[in-house]
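K.L.:
Here it is, the structure in full.
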Amino acid sequence: MSEFCDVAVPVPLDTVFTYSVPNGMAPVVGGRVLVSFRQQRISGIVTALHDRAPRVQTKTVLAVIDGAPVLDQPLIQLGKWIADYYLAPLGEVLRTMLPLRAEFKRTIGYLITPEGQMALHLAGMSGSSVRARKTPEDQLAEFRVLDYLAEREMTREETLRSATRASKAVLAGMVRKKWIAREDLSASRRVARTVKMAALKNAEGKLNANQRLLVETLAAAGGKAAVETLHTLEVPRSTLATLTKRGLVEITEEPAEFAVSRMKPRLSPLDLQFNPAQQHALDCIRERVNARSFAGLVVHGVTGSGKTVIYLAAMRSVLGAGRSAILLVPEIGLTPAVAADVHQVFGDEVAILHSALSDDERAEQWHRIKNGDTRVVVGTRSAVFAPVSDLALIIVDEEQDSSYKQEETPRYHARDVAVMRAKMANAVVVLGSATPSLESYFNAKKNKYSLLELPDRVEQRPLPEVEIIDMRQEFQETGHEQVISRKLTQEIQERLDRKEQVMVLLNRRGYSPLVLCRACGKTLECRNCAIALTHHKRSHRMVCHYCGFMAPVPKVCGECGSEYVYFLGTGSEKLEELLHGLFPQARIGRLDRDTVRGREDFERALNALDQGELDILVGTQMIAKGHDVHGVTLVGVVGADAALGFPDFRAAERTFQLLTQVAGRAGRGETPGRVVLQTYFPEHYAVQYAAQHDFAGFYDKELRFRSWMHYPPYSALANVLVRGDKLDEVLQWSGILGKWFEKTRHEGIRVLGPAAAPIVRLKRDYRYHFVLKSESREKLNALLRAMLAYAAQQKLPRTQVIVDVDALWLM
């Protein structure tokens, strides 16, 4: 037995920690252990077992959670690559790879101390005399806590706070006064990999308001409901325990019932028909899979070319050979039709992994995969870590989508991780899109990947005709600002007369994106971010779309008191209102983050459109991705070129992709489609090439600009962000790093900055950044690692210096 083990714990430190192993314990590499770290209990992954005694005294492993590895050696190797490539702490990487939070319960307990007993005694033996005086609320809360703990032993934090209404700040203050003692009781809990259900027995006897609410909720749900559902109610969790003790309800364990997409499947397992281009692509994928060696394939197919059919057929071949496949989609909520198709073809042989699952549900799906009960996995970016055995194929659908890039540590890109995992497993990775990222298409053109083209739509359906409307000329001819042009209004009316359907895209939600005082020029900004608040008319709120801050709608200017407050610009909410005014008889729906709170809302809107219950669907980019509604013959694009004004070298690429994707929603049935594209930049090459459905032309022109400016794919890029809630500190830290970059030799690496980030304040943090570019990833990585070491030496907090390798946004 080894005396020591190295443990990767999920903390922002670039190291593993050595713990001693007590006699009788048998941790395994890749398994979880419970350890003590800075006065709290935490679970970590064992990365090595050895007998090398460290120079410092070690803490002891508290418990072994897993008797067998939960991360096998290939996945640990992948985790180490991610940590090294993205400069992320290994513990945080491995935590991201392992969706088993349900099996570790964080619990804090409190106990009254002798000092607390004395304080309570001096107050009059109980809280009654204290309550009789005029005592501040925090002090009253303190004596309620002492009063409660005096009659009990160790009490869990949630029970104590529920009974005494004490805040965490009050409890922390009492710990500092040594009136109460805090103890970390966190431990592993073995879930049965099922969602626990509460089943109603009877409701006799007196019930208080909280208990009655639970009972009524159970009754309305047909006598049983998930425990997690009941926990969303605004009642203490102890209420359910009380009902259980009284025998009014019982808690049982049942297999989780996973909601299958209610979208009508577009495919049948027996109806996979292929045109020559599709058949060639499928044959190539099968050939590479059968070779059992790494291969990267880029499937570039125009919208409606039948890429999904190829994916499913390839996955079915893999499954038939007894091997495993993973299908990644950008956002499971935005692609319900894909989920419906996969379930139609594979039934219960597929596992779903995405953020909408509860912790227990995700753990159950993960164990199904780990145990070999399923060999087909569909999910969002974290599904790339699914513990499948004998991996043969990874498919990344809509590979250009920015949703594949994680926005917090570890800031990995699932597409690139998929490529690396396929390399390590001698598997095939397929990157599919109608508008591939320039990096992927560049690699294909350089023969790093193989390129498979699908130039035609299925059944030879034509691509939609695109007409560009110059909104500058529209203003000159009408004399006022138009949201919906005369041409688009006419085209919509013609489609309504013919009982056809319309989609209208405006990639900005809310009613008005700007509130301006015409007297003093002040705009209403978020108090946490350097961003204008957006007016949401239906909810009567001003909302920050970055941090969620809300404020009432102003009647006068908060700066000068003027009544001349104007709401400028148009969002999807206002566009919907305008369309109702223009077409009062039309059935209009809206699809954006305000109308979609969950997958069911999204599917409900798309089903209504698919079944002919809506005439017009208005929305943001949510309506542009992957939807196959045959009744839509017209797509109107309102203001989708606004991104061209952003300080972002990818602005043209993002605009081209969005315009191409949304245009592809038109004419997918028997009736040809048409697109009316309103723009203030009609001469811009991104708009022109999108109107011509010319990806190759756009690629060549954009590539020239990237080459001149040394941007990807001609260089590797990283964004170093320095943030903090005090501007003086951020400026000081940025200056320290700026001087270090100036003094350090870094041949072949361009360092730009420090400069204020485009959004200089976000979520109460001030932000300054550096942009680094290099043709050598190795040199760039080495410089960033040296910079982090210097920052640690200068006592710069690790959490305040963010390194984003291959950054998609320089914001």
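The values are calculated or read from the model by the stated rules, or taken from the named source; none is laboratory data. The model shown is predicted, which means the values in this text are computed figures rather than measured ones. All Cβ positions, glycine included, derive from the backbone under ideal geometry; neighbour counts span all protein chains shown. The accessibility values were calculated without ligands, DNA or RNA, using every heavy atom of the protein model including side chains. Shrake-Rupley method; radii C 1.70, N 1.55, O 1.52, S 1.80 Å.
K.L.:
Restricting the search to segment 585-642, which residues are at pLDDT below 90 and of a type in the set (S, T, Y)?
P.N.:
T595, T620 - these are the residues of segment 585-642 that are at pLDDT below 90 and of a type in the set (S, T, Y).
A quick yes/no check of all residues on (1) more than 24 Å from A83 (Cα to Cα); (2) acidic (D, E); (3) part of a strand (DSSP E or B); (4) modelled with pLDDT of 95 or more:
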| position | (1), (2), (3), (4) |
| --- | --- |
| H367 | yes, no, no, no |
| V378 | yes, no, yes, no |
| E407 | no, yes, no, no |
| V417 | no, no, no, yes |
| M420 | no, no, no, yes |
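K.L.:
A225 is checked against (1) among the aliphatic types (A, V, I, L, M); (2) outside any helix (DSSP H, G or I); (3) within 26 Å of Q365 (Cβ to Cβ); (4) modelled with pLDDT under 70 and fails just one. What number does that condition carry?
P.N.:
Every listed condition holds for A225 apart from (4).
K.L.:
Would you mind stating whether G697 is open to solvent by less than 10 Å² (accessible area, probe 1.4 Å) and either more than 30 Å from T570 (Cα to Cα) or touching a residue at least 60 places away in the same chain (Cβ under 8 Å) (or both)?
P.N.:
In short, no.
K.L.:
Which condition breaks for A386 when tested against (1) surrounded by fewer than 22 Cβ atoms within 10 Å (Cβ to Cβ); (2) more than 19 Å from L282 (Cα to Cα)?
P.N.:
Of (1) surrounded by fewer than 22 Cβ atoms within 10 Å (Cβ to Cβ); (2) more than 19 Å from L282 (Cα to Cα), only one is false for A386: (1).
K.L.:
Continuing with this model, one more query. Take V730 and tell me if it is open to solvent by less than 70 Å² (accessible area, probe 1.4 Å) and either modelled with pLDDT under 95 or farther than 30 Å from L533 by Cα (or both).
P.N.:
Spelling it out, it is not the case that V730 is open to solvent by less than 70 Å² (accessible area, probe 1.4 Å) and either modelled with pLDDT under 95 or farther than 30 Å from L533 by Cα (or both).
K.L.:
Could I ask something else about it? Can you report the number of residues in segment 638-657 which are under 16 Å from Y699 (Cβ atoms) and in a helix (DSSP H, G or I)?
P.N.:
Final tally of qualifying residues: 7.
K.L.:
Suppose we keep only residues that are in a loop (DSSP other than H, G, I, E, B) and either hydroxyl-bearing (S, T, Y) or under 20 Å from G79 (Cβ atoms) (or both) within segment 349-365. Which one would you say is most open to solvent (accessible area, probe 1.4 Å)?
P.N.:
For segment 349-365, the residue satisfying everything is S355.
K.L.:
Under 9 Å by Cβ, and 6 or more places apart or on different chains, what pairs join a residue from segment 488-517 that is more than 30 Å from V556 (Cα to Cα) and touching a residue at least 12 places away in the same chain (Cβ under 8 Å) with one that is open to solvent by 40 Å² or more (accessible area, probe 1.4 Å) and in a helix (DSSP H, G or I)?
P.N.:
Close Cβ pairs satisfying both conditions: T489/L582; I492/L582; Q493/L582; E500/E494; L505/Q621.
K.L.:
Same structure, new question: Could you go through segment 594-602 and let me know if any residue there is under 17 Å from G571 (Cα atoms), free of Cβ contacts under 8 Å to residues at least 12 places away in the same chain and open to solvent by 10 Å² or more (accessible area, probe 1.4 Å).
P.N.:
yes
K.L.:
Across segment 771-789, which residue is nearest to P647 (Cα to Cα) among those that are open to solvent by 60 Å² or more (accessible area, probe 1.4 Å) and touching a residue at least 40 places away in the same chain (Cβ under 8 Å)?
P.N.:
So, considering only residues that are open to solvent by 60 Å² or more (accessible area, probe 1.4 Å) and touching a residue at least 40 places away in the same chain (Cβ under 8 Å), the one nearest to P647 (Cα to Cα) is E775.
K.L.:
Let me ask something else. State all residues of segment 491-546 that are outside any loop (DSSP other than H, G, I, E, B), among the β-branched types (V, I, T) and farther than 30 Å from Q585 by Cα; if no residue qualifies, say none.
P.N.:
Within segment 491-546, V515, T523, V543 meet the criteria.
K.L.:
Kindly list the number of the only condition in (1) crowded, with 21+ Cβ neighbours inside 10 Å; (2) more than 20 Å from H545 (Cα to Cα) that fails for G612.
P.N.:
Unmet condition: (1).
K.L.:
Go through the residues of segment 533-547 one by one and say whether even a single one is of a type in the set (V, I, T) and over 23 Å from the mean Cα position of the chain (by Cα).
P.N.:
Checked against the condition, which is being of a type in the set (V, I, T) and over 23 Å from the mean Cα position of the chain (by Cα), segment 533-547 yields no hits at all.
K.L.:
So is G116 crowded, with 18+ Cβ neighbours inside 10 Å, over 30 Å from I76 (Cβ atoms), touching a Phe, Trp or Tyr at 6+ places or on another chain (Cβ under 7 Å) and modelled with pLDDT of 90 or more or not?
P.N.:
yes
K.L.:
Of all residues in segment 422-436, count the ones that are in contact with a Pro (Cβ under 9 Å, 6 or more places away or on another chain) and either farther than 21 Å from V378 by Cα or not in a helix (DSSP H, G or I) (or both).
P.N.:
Count: 0.
K.L.:
Moving on to the next point. Is there a residue in segment 525-542 that is within 30 Å of G631 (Cα to Cα) and in contact (Cβ under 8 Å) with a residue 24 or more places away in the chain?
P.N.:
Looking for residues that are within 30 Å of G631 (Cα to Cα) and in contact (Cβ under 8 Å) with a residue 24 or more places away in the chain, one finds at least one in segment 525-542, hence yes.
K.L.:
Can you find, within segment 393-422, the residue that is most open to solvent (accessible area, probe 1.4 Å) among those that are farther than 30 Å from R798 by Cβ and of a type outside the set (D, E)?
P.N.:
Checked segment 393-422; the qualifying residue most open to solvent (accessible area, probe 1.4 Å) is Q400.
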